[in-house]
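Here is the structure we will look at, set down as structure tokens.
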Amino acid sequence: MKQNPKIKIEKIVSDGRGIGRHEGKVFFVKDVIPDEVVEVKILKEKKSFTEGEIISIIKKSPYRITPPCKYFKECGGCYFQHIDYRYHKIIKTEILRELLRMNSKISYQEGIEFVESIPYNYRNKVTLRVNESGLSYLKEKSNQFVNIDSCMIVNEKINGVIEKLNRMNLYQNFIKKVNIRISKSGKILLTFYTEISEITNLTLDLESLDVDNIILFLKDEKPLYIKGKGELVNLIDENIFHFSHSNFLQVNDNIAEKLYSYLQSVIKNGETLLDLYSGIGIYSIIFNRIFKNIYSVEGNQSSVHFQRKNIKENRIKNVSVINRFIDSTFKIGNDKLFDTVILDPPREGVDKIFLKSLLPKIKDQLIYISCDPSTLTRDINLIKDEFFISEIKIFDMFPQTKHFETVVIFERI
Ligand SMILES: C[S@@+](CC[C@H](N)C(=O)[O-])C[C@H]1O[C@@H](n2cnc3c(N)ncnc32)[C@H](O)[C@@H]1O
């Protein structure tokens, strides 16, 4: 093959790279935009595809912009900073449609609404490594550090904390990792992961940090509460939610609000709701008034602890919490039928055997909330024979990255 072929980019695929063809071979190239023509250096040649890197842009997209972040090239967390945000919805919606064709084997002709976010400073949580030079991300798929003084996609107040931490001797104090989390009202929870077994070895004045909560994990993983109770509180739809450093919450509060009000508008009233992968209980609690009985299943013990606390604090009486890891052996409800089921799994999606056993138990509506369109569309292939899709919506929960949140509303055929 010619050394540096010229490729016309056809589309962006789910791993965030663009694809084009040359001499019958498929090329994968990063940092491109559909319809651009680029000259590429070949990085890796495989039997069925080639990976390349841009050398020059021969035909530039009108959507190409200069990435605003100085770490964009090396960091690897953001994929689309070189593309005008107005075009992200086209790229992400096309990725989803393609996966629906490939994995679900359906050609979905209806519209897919794309709910846009603020493009930067949206993340309410970040985990950073510590090295001699300060705080860093890990380069994608590697152990290489990318030291940062701020990150354009995280909340501004979190950036203020990063700045302060970069001026402290964290590395010399055996701190390996830091997690910074902010609540909707702006309270900060800082979690340090250290390699020391005794707090007396620490020469840092952590208490003087202007944050609300500090948790410190010693080598044996025992948490020490240095400041505050180690908890944050969010108000969602007039309900109080307590959570801590390890519990799942959506990372983009503004888009999460839009997601919750969309769900409020589509969920049907009924006798029973089954809330699977329920975290700290947000759906079970905000929908408690429209169902008589709610069954909520969550695998993570800490999330179950906070879910029970949140149920109690909001004086809710109709939610039964089941602390179980959902896998092929999990059986729910014996002969019970559920009017509505919410499925909100992690990236791996839902276990195939469990999903097959669940479908006959759903009387009416299935709401699938997914942060990974590949596993979502794989699971839709199983669901589609018993349910039809009444609506699909994308929520841009993770702007600038290749990720997005999808909600699919199914009704029984
Ligand atoms: C995407 S989060 C959704 C949480 C919740 N629905 C929310 O919106 O806040 C997925 C949740 O599933 C839990 N989880 C992951 N794998 C699980 C499994 N196999 N069985 C049960 N829960 C699981 C995680 O701890 C996490 O709380």
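A short reminder: the numbers here are calculations on the coordinates, not readings from a lab. Keep in mind that this is a model prediction, so the values were computed, not measured. Note: ideal-geometry Cβ built from the backbone for every residue, glycine included; neighbour counts use all protein chains shown.
Sequentially through region 241-247, phi angles give Karplus couplings (6.51, -1.76, 1.60; θ = phi - 60°) of 10, 8, 7, 10, 5, 9, 7 Hz, Gly and Pro residues having no value and appearing as x. Converting phi to 3J(HN,Hα) with the Karplus coefficients 6.51, -1.76 and 1.60 and the offset θ = phi - 60°, region 184-196 yields 4, 8, x, 7, 10, 10, 10, 10, 9, 10, 10, 10, 9 Hz in sequence order, with x at every glycine or proline.
Peptide packing for 223-234, 171-182, 321-332 was compared via the average number of neighbouring C-beta atoms within 10 Å per residue; ordered from the highest value, the list is 171-182, 223-234, 321-332. Modelled label positions at GLU94 and LYS222, each set 7 Å beyond Cα in the direction of Cβ, lie 5.6 nm from each other.
Take the residue pairs LYS89/LYS331; LYS125/LYS356; LYS258/LYS402; LYS89/LYS187; LYS268/LYS384; LYS30/LYS187 and return only those whose Cα atoms are more than 27 Å apart. Walk me through the intermediate numbers first.
Working: LYS89/LYS331 38 Å; LYS125/LYS356 35 Å; LYS258/LYS402 20 Å; LYS89/LYS187 32 Å; LYS268/LYS384 20 Å; LYS30/LYS187 37 Å.
With Cα atoms farther than 27 Å apart: LYS89/LYS331; LYS125/LYS356; LYS89/LYS187; LYS30/LYS187.
For region 69-117 and region 7-43, write down the distance between their C-alpha centroids in whole Å. Cα centres, region 69-117 to region 7-43: 15 Å. Inter-part distance, region 360-374 to region 295-342, computed on C-alpha centroids, equals 16 Å.
Please work out how much length the chain gains when fully extended from LYS25 to ARG412, using 0.36 nm per residue of separation minus the C-alpha to C-alpha distance, in nm with one decimal. Walk me through the numbers on the way to the answer.
Numbers: separation 387, 0.36 × 387 = 139.32 nm, distance 4.24 nm.
Fully extending the segment from LYS25 to ARG412 adds 135.1 nm.
Close amide H contacts of ASP35 (hydrogens built in the peptide plane, cut-off under 5 Å, sequence separation of 5 or more or a different chain): ILE9, GLU10.
Between SER133, ILE214, SER150, the Cα set farthest toward the positive side of the dipole of region 125-232 (charges on each charged residue's Cβ, about the Cα centre) is that of SER150.
What order, most packed first, do the peptides 269-275, 199-205, 67-73 have when packing is the mean number of other Cβ atoms within 10 Å of each residue? Walk me through the intermediate numbers first.
Numbers: 269-275: 20.6, 199-205: 11.6, 67-73: 15.9.
My ranking of the peptides, most packed first, is 269-275, 67-73, 199-205.
Treating r as the C-beta distance of GLU156 and ASN318 and R0 as 45 Å, the FRET efficiency rounds to 0.70. Put a plus charge on the Cβ of each Lys and Arg, a minus charge on the Cβ of each Asp and Glu, and nothing anywhere else: the dipole of region 6-64 about its Cα centre is then about 80 debye.
Mind checking which of THR377, LEU259, GLN307 is farthest towards the positive end of region 252-412's charge dipole, using Cβ charges of +1 (Lys, Arg) and -1 (Asp, Glu) about the Cα centre? Projecting each Cα onto the dipole axis, the largest value belongs to GLN307. Computed from point charges on the beta carbon alone (+1 for Lys and Arg, -1 for Asp and Glu), the dipole magnitude for region 125-232 about its Cα centre is near 360 Debye. Taking the average, over residues, of other Cβ atoms within 10 Å as the packing measure, peptides 106-116, 366-376 rank 366-376, 106-116 from highest down.
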